[in-house]
Amino acid sequence: MELFAPIADAILKAFPSLEPADLVFSPAPKPGMGDMALRAFLPAKRLGIAPPDMAKRIADETSFGPEVKSTALAGPYVNFHIDRAFFGRRLADHVFDMGAYFGSGATGAGKTALVEHTSINPNASPHVGRARNAMIGDSIVRLLRFEGYDVSVHYYVNDMGRQIGLLVLAIEEKVGVLAEGAEPDIRFEEVLDAYVQANQRAEDDESFAAKGYSLLARMEEGDPETRAKFHAVTNLCLNGQILVLARLGINYDVFDRESNFVRDPRLDAIVAALQARNAVFTDEEGRLVVDLSALGHTQEEGRYFVLMRANGSSMYGYRDLAYTIHKMEQCADLNLIILGEDHKLYAQQQSMILEAAGHQYPEAVYYAYIVLKDGKMSTRQGKVVLLSDFLDEAARRSAEKVEEQCRDLSPEERRSIAIKVAVAAVRFAILRVNPNKNVVFDWESSLSFSGDTGPYVQYSCARIASILRKYGMDVPPVSGSFTMETDAEWLLCLKLSEFPTVVQTALSQRSCAPIAQYVLDAARAFTTFYHECPVLDAATPALRDSRAQLCAATRQTLRNALGLLGIEIVDRM
RNA sequence: GCGCCCGUAGCUCAGUGGAUAGAGCGCUUGCCUCCGGAGCAAGAAGUCGCGCGUUCGAAUCGCGCCGGGCGCGCCA
């Protein structure tokens, strides 16, 4: 919010050639130096004078209102001593007015967005590496919705391919022939083992691998019996995956099946467009190959992109072209896809091919992998930490804590709290790091409940709830006066006022990591306030009311910010 | 080899041109008759990978190295 708009307006009145964006306010390095500072660099550039001179002119030539008590020059900075209570009142009013929307810039109002994320192969229980995609995607979805976008969340179900063919064979050997409409007699949790075994066997046994290919070929021809087998297996896996992801609060609107895009008529137009550019050829072994150098690709690496095998079956990347066109047709405003960094070249190739045919590729958001201490995870090799195991352990640990802290609550209430705390620990641990950094997975640090963690922030909220319970009303009355005595109160105010800016930063970076960082800063600012400023035992009733309002404003801000991360606040924990 | 990403305290990470580079974990020392100790206060710990440049000013921008991750024609 423009907390300092009254000050900015006064300066703009004195210097009409300045733009509002030139006036950047920030906290002073130390409260003793001032309540907040204005940097003179941008205004100085605008007026073509030296920053220290600009600072002096602003201080001298602006007629400030009574909310400015004094100014002090410090080189290129103007430090302000202001009426803190005036701005505290302004901040609290604004937060209460906006409520659940405090922080939103409403930049998506009237717009639609389509986000594809997760899109795990339906072959086994998801591991925590895959979950990074889902959590990043889900948080971006929450951010876009907060900004007012009408968002549709898509999950691409890769229900084709050799891997699935092999899995079908392996499961049939285990439980008998898969028939149309019948549920396979195998639990979701057992599929990972079957998948690992199937891949191992395909490596060792050529005839088994060949059977996988021929099953895939029948699938692609549209053979109804084969389709039923594939669907039986992929549905089992997809349903299992959705349940695990739902535990993290991650949900989807649309499931798009790859098998629906096999013989898509739109693909013919693409090949025609490539032919017109002389960018596609059939190689000596009969494969249909795109030569991207004809489309402006300059490197030798990634120059060739195979669309179809010699036996006439299509590659994943071919079917994906049709799917992308399908998505783009549905949403013009903002079309995002969350991809692992290993897909960068692939996405570039897809983009070039589509552009050659007059289409566009979505805006890609990349993330680096979560790796184990001894290398990357691999579902195919069974070298994974399963998301469900990870969540179970997080829930077990938080339940232990809640048991000892909340004995007066019912078992159901305690369970609900324990789950929220576990989700907070897991989501926060993943989301707080910059997505393009590798994360080395470590059970202890990602399940920690103390320090820079989601539960630490929830704990601040629980303390606020506790104070407000004793204070006696949910939201303190908005009264005309506001009282503020300490630096801690003021610094908390400043921190809360930064939230809308942080949301815009996250939006432009397409990352919720700044939100996570912000939430920690805000919780720390609150904790300092909490220790230095008694609320219920405040010296005067006016101070007590003001501090209670600050508590409520903090809780609203934390609730909104944590919501973007998919973390719920709790009143008890 | 080529392309993209990363390199900041012992460890995990913030800090996308501005005041003395900040947190957490771990370590040392204190703090629960005091609104919740999942917490707080204090201390020790840094050639911001290395070098050269741009700038009044660089952890931040450019170039070159070094180290790590990912990718580079019939996997998805």
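Would you mind ranking A:104, A:214 so that the residue whose beta carbon has the fewest other beta carbons within 10 Å leads the list? Walk me through the numbers on the way to the answer.
Numbers: A:104 21, A:214 13.
In order of increasing Cβ crowding within 10 Å: A:214, A:104.
So what's the Cα pair-distance distribution over the stretch A:45-128, bin width 10 Å, in %?
Percent of pairs per bin, in order: 13, 21, 18, 22, 13, 10, 4.
Can you work out the Karplus-derived ³J(HN,Hα) for every residue in the stretch A:525-540? Use 6.51 cos²θ - 1.76 cosθ + 1.60 with θ = phi - 60°, whole Hz, and x for glycine or proline.
4, 5, 4, 4, 4, 4, 7, 9, 10, x, 9, 5, 9, 4, 4, 10
Magnitude of the Cβ-charge dipole of the stretch A:396-512, K/R +1 and D/E -1, about the Cα centre, nearest 20 debye? Mind dumping the intermediate values first?
Values: 15 positive and 14 negative charges, 83 e Å.
It comes to approximately 400 debye.
At 0.36 nm per residue, and after removing the present C-alpha to C-alpha distance, how many nm does the segment from residue A:266 to residue A:404 gain when stretched out fully? Write out the running numbers ahead of the final one.
Working: separation 138, 0.36 × 138 = 49.68 nm, distance 6.09 nm.
This chain segment gains 43.6 nm when fully extended.
For chain A, what does the helix formula give at 222 nm: sum of -39500 (n - 2.57) over DSSP H segments with n ≥ 4, over the residue count, nearest 500 deg cm²/dmol?
Values: 20 runs with 299 residues, N = 573.
Per the formula, -17000 deg cm²/dmol.
Could you give the size of the charge dipole of chain A about its Cα centre, using +1 on the Cβ of each K and R and -1 on the Cβ of each D and E, expressed in debye and rounded to the nearest 20?
1360 debye
Can you tell me the Rg and Dmax of the stretch A:1-75, counting just the alpha carbons, in angstroms?
Computed over the Cα atoms of the stretch A:1-75, radius of gyration and Dmax are 11.6, 32 Å.
Rounded, prolate or oblate, given the Cα gyration tensor of the stretch A:97-215, with a/c below 1.5 counting as rounded?
Working: a/c = 3.17, a/b = 3.12, b/c = 1.02.
Prolate.
Amide H neighbours of residue A:74 under 5 Å, counting only residues 5+ apart in sequence or on other chains, H built in-plane at 1.01 Å?
Residues meeting the criterion, in which the H sits 1.01 Å from N, are A:79.
By counting other Cβ atoms within 10 Å of each Cβ, how are A:528, A:282, A:554 ranked from fewest to most? Write out the running numbers ahead of the final one.
On the way: A:528 16, A:282 11, A:554 25.
Listing A:528, A:282, A:554 from fewest to most nearby Cβ atoms yields A:282, A:528, A:554.
Can you pull out the trypsin sites (Lys or Arg not before Pro) in the stretch A:403-462 whose DSSP state is coil and whose Cβ has at most 11 other Cβ atoms within 10 Å? Let's see the in-between values first.
Details: sites: A:407, A:414, A:415, A:420, A:427, A:432, A:437; in loops: A:407, A:432, A:437.
Here the trypsin sites (Lys or Arg not before Pro) that fit, given the DSSP loop and packing criteria, are A:407, A:437.
Cα centroids of the stretch A:340-398 and the stretch A:82-136: how far apart, whole angstrom?
The stretch A:340-398 and the stretch A:82-136 have Cα centres separated by 22 Å.
With a/c under 1.5 counting as rounded, go ahead and sort the stretch A:428-472 into rounded, prolate or oblate using the C-alpha gyration tensor (a ≥ b ≥ c being the square roots of the eigenvalues; past the cut-off, prolate if a/b is larger than b/c, else oblate). All intermediate terms of the calculation are to be shown ahead of the outcome.
Working: a/c = 6.19, a/b = 2.79, b/c = 2.22.
Taking the square roots of the gyration eigenvalues as a ≥ b ≥ c, the stretch A:428-472 is prolate.
Fewest first, what order do A:378, A:259, A:17 take by the number of other Cβ atoms within 10 Å? Show your work: numbers first, answer last.
Working: A:378 14, A:259 19, A:17 9.
In increasing order of surrounding Cβ atoms, one gets A:17, A:378, A:259.
Cα-based Rg (one decimal) and Dmax (whole number) for the stretch A:249-346, in Å?
Over the stretch A:249-346's Cα set, Rg and Dmax evaluate to 15.2, 50 Å.
Of all alpha-carbon pairs in the stretch A:415-503, indicate the percentage at a distance above 20 angstrom. If you can, show how the numbers build up before the last one.
Numbers: 2223 of 3916 pairs.
Value for the stretch A:415-503 (Cα pairs over 20 Å): 57 percent.
Amide H to amide H under 5 Å from residue A:339: which residues, 5+ apart in sequence or cross-chain, H placed 1.01 Å off N in plane?
Under 5 Å from the amide H of residue A:339 lie the amide H atoms of A:365, A:366, A:367, each far enough along the sequence or on another chain.
Residue by residue through the stretch A:142-147, which ³J(HN,Hα) values in whole Hz follow from phi under the Karplus form 6.51 cos²θ - 1.76 cosθ + 1.60 (θ = phi - 60°), with glycine and proline marked x?
4, 4, 5, 5, 4, 7
Would you work out which of A:114, A:520, A:74 lies farthest towards the positive end of the dipole of chain A? Charges go on Cβ: Lys and Arg +1, Asp and Glu -1.
Of the options given, the answer is A:74.
Quick one: which residues, 5+ away or cross-chain, put their amide H under 5 Å from the amide H of residue A:113? H built at 1.01 Å from N.
Distant-sequence amide H within range of residue A:113: A:150, A:151, A:152.
Rounded if a/c is under 1.5, else prolate if a/b is larger than b/c, else oblate: which is chain A, with a ≥ b ≥ c the root eigenvalues of its Cα gyration tensor?
On the way: a/c = 2.98, a/b = 1.67, b/c = 1.79.
Verdict is oblate for chain A.
What ³J(HN,Hα) values, in whole Hz, does the Karplus curve 6.51 cos²θ - 1.76 cosθ + 1.60 give for the stretch A:239-250 when θ = phi - 60°, with x put for Gly and Pro?
With the stated coefficients, the stretch A:239-250 comes to 4, x, 5, 4, 5, 5, 5, 5, 5, 8, x, 9 Hz.
Counting only GluC sites (Glu not before Pro) that sit in a DSSP loop (anything but H, G, I, E, B) with at most 11 other Cβ atoms within 10 Å, what is the longest stretch of chain A containing none of them? Please report the intermediate quantities before stating the final value.
Numbers: sites that count: A:180, A:284, A:285, A:300, A:301.
Segment A:302-573 is the longest.
Taking Cα atoms of the stretch A:429-573, Rg/Rh with Kirkwood Rh, to two decimals? Display every interim value, and only then the final one.
Values: Rg = 16.2 Å, Rh = 16.1 Å.
Here Rg/Rh amounts to 1.01.
Bear in mind these aren't lab numbers, they're just calculated from the coordinates by the rules spelled out. Keep in mind that this is a model prediction, so the values were computed, not measured. All Cβ positions, even for glycine, are placed from backbone atoms using ideal geometry, and neighbour counts span all protein chains on display.
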